[in-house]
Each structure stands twice: as C-alpha cells, then as structure tokens.
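First the structure, in the form of structure tokens, and then the observations on it.
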Amino acid sequence: MFGLVVFGLIGIYLALLIAATMWGYRHAAKIGLPRKQRWLWAAGGFLLVYLPVFWDWIPTVVAHQYYCATEAGFWVYKTVDQWKAENPGVMETLVANKGAPSVHGAYILNQRFNWTIKEDRFFPLNHMIRQEQQVVDSKTGEVLARYVDFSTSHEPRQAGWSGWKFWLDSRHCIGGGYNQDKLRNFRNNFMGAEK
C-alpha cells in the first residue's frame with residue numbers, strides 16, 4: 001500500500017514538472033518572445049518545481065565524489081609481522097578485552113592496542129559524514145592502519161524532512177565497505193588471546 005502512495009506522489013510530481021515546463025514555454029509564446037527565450041522560460045518553470053525538492057542533490061553528490069576520490073581509502077603503515085619483529089614476545093602476552101570497552105572514542109582492544117572511530121558531520125548542507133578508523137599502538141601512539149570513508153547518510157532513514165530523501169543515501173564511497181572489512185580484519189590480528 002505504501003508503495004502505491006509513493007508511486008502516486010512521484011506521478012503527481014512528474015506531472016507538476018511537465019506542467020510547469022509547458023506553462024513557462026506557452027506563457028513566453030503568448031507574450032511574443034522568440035523561441036530561444038521561450039526555452040529559458042520553460043527552464044524557469046521546470047526549476048520552480050524541481051529546486052524545492054532536489055536543491056541539495058547535485059552539491060551533495062559532487063562533494064561526496066570529490067572527497068571519496070581525494071581522501072578515502074585504507075592504508076597499512078605497519079604489518080603484524082613488522083610490529084612483532086619490533087616488539088618480540090609482546091603479542092603472546094596480550095589478552096583481548098571482552099566487548100572492547102571504549103574510553104574517549106577509543107575501543108580498548110587489549111593492554112597495548114586501541115581501535116579509534118571518529119565521525120564528523122561536515123559540508124554546509126550537513127549531509128556528509130567523514131568516518132575515520134585507526135588501529136593504534138597505545139604505548140607509542142603509532143597508527144598501524146587507517147581507514148577513511150564518506151557517506152551521505154549515517155542512520156537508517158527516519159521520518160521527517162531528511163528521512164524521505166532516499167536519493168541522497170550513499171553509505172560508502174566506492175569500495176568503502178570492502179576497505180572497512182579490511183580494517184576490521186587487520187584489527188582482529190591485534191586483538192590478543194581470548195581468556
């Protein structure tokens with residue numbers, strides 16, 4: 001039933017777009033404007049109906065693509081084997097914290113490693129969320145791996161003004177979910193023994 005309502009609203013909206021475009025063209029013809037200016041009036045009629053609903057779509061998509069291309073990814077700065085070679089015998093002494101309790105945005109994996117998750121809303125339209133996750137050696141502060149991703153929606157859609165704009169829903173950059181899985185797999189190598 002809800003689907004019928006949605007399709008009905010989409011149909012009404014498309015009819016309004018067409019009607020406003022045709023009205024703009026016909027009105028310009030009625031007042032005697034040349035053909036080129038008629039199309040400008042038609043575009044104005046189209047935008048009059050289009051912009052109240054979709055005004056933020058193009059800027060959000062452009063910003064999301066830009067940040068995904070320039071900042072997103074997964075990087076390993078030190079492998080498990082490299083860390084073990086620099087810290088002989090330490091990995092065998094680490095004990096995993098059950099549930100990885102968090103302190104100030106850092107999940108304490110064990111007595112030596114933390115997993116940090118930082119999310120920031122940014123961009124003037126407030127649709128963009130930058131997520132950064134790191135595996136950090138808590139003794140030295142050294143970042144062993146880092147993952148950065150951008151989304152245009154964080155929570156499941158909600159009721160209200162922002163909840164129905166499903167066309168803005170992009171949970172990851174291209175390959176972002178795969179990169180997130182790679183970071184989690186990397187993190188799991190540093191969890192320590194379960195006791």
remark   = Here the residues of the range 54-76 lying in the modelled label zone of Phe122, meaning backbone nitrogen under 18 Å from a point 7 Å along Cα-to-Cβ, are 59-75
task = In debye, nearest 20, what is the charge dipole magnitude of the chain about its Cα centre with +1 on Lys and Arg Cβ and -1 on Asp and Glu Cβ, if you could check?
result = 820 debye
request  = Output the antiparallel fraction of DSSP beta bridges having both residues in the chain, as a percent to the nearest 5.
outcome  = 95 percent
inquiry  = So if each residue of separation counts as 0.36 nm, and I subtract the Cα-Cα distance between Gln180 and Asn97, what length gain in nm does that give?
reply    = 27.8 nm
query = Given the rule -39500 (n - 2.57) for each run of at least 4 DSSP H residues, summed and divided by the residues of the chain, what is its mean residue ellipticity at 222 nm, to the nearest 500 deg cm²/dmol?
reply = -14000 deg cm²/dmol
task = Find how much the distance from Asp169 to Arg35 grows on full extension, using 0.36 nm per residue of separation minus their present alpha carbon separation; answer in nm with one decimal.
result = 44.3 nm
task = At q = 0.10, 0.17, 0.18, 0.20 Å⁻¹, what is the base-10 log of I(q)/I(0) for the chain according to the Debye formula with one equal point scatterer per Cα and no solvent? Please give it to two decimals.
result = -0.62, -1.11, -1.17, -1.28
message = What are the membrane-span-like helices in the chain by this rule: whole DSSP H runs, Cα extent along the axis at least 15 Å, mean Kyte-Doolittle hydropathy at least -0.5?
response = 2-30, 35-54, 57-70
request  = Please state, as a whole number in µm²/s, the translational diffusion coefficient that the Stokes-Einstein equation yields for the range 2-54 at 10 °C and 1.306 mPa s, with Rh defined as the Kirkwood radius across alpha carbon pairs.
outcome  = 136 µm²/s
key: Modelled label reach - Lys84, point 7 Å along Cα→Cβ, the range 178-195 residues with backbone N closer than 18 Å   = 185-194
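Taken together, the values in this text are just the output of simple stated rules run on the coordinates, not laboratory data. Remember, predicted model here, so these are calculated numbers, not experimental data. Using ideal geometry, Cβ is built from the backbone for each residue, glycine included, and neighbour counts are taken over all protein chains shown.
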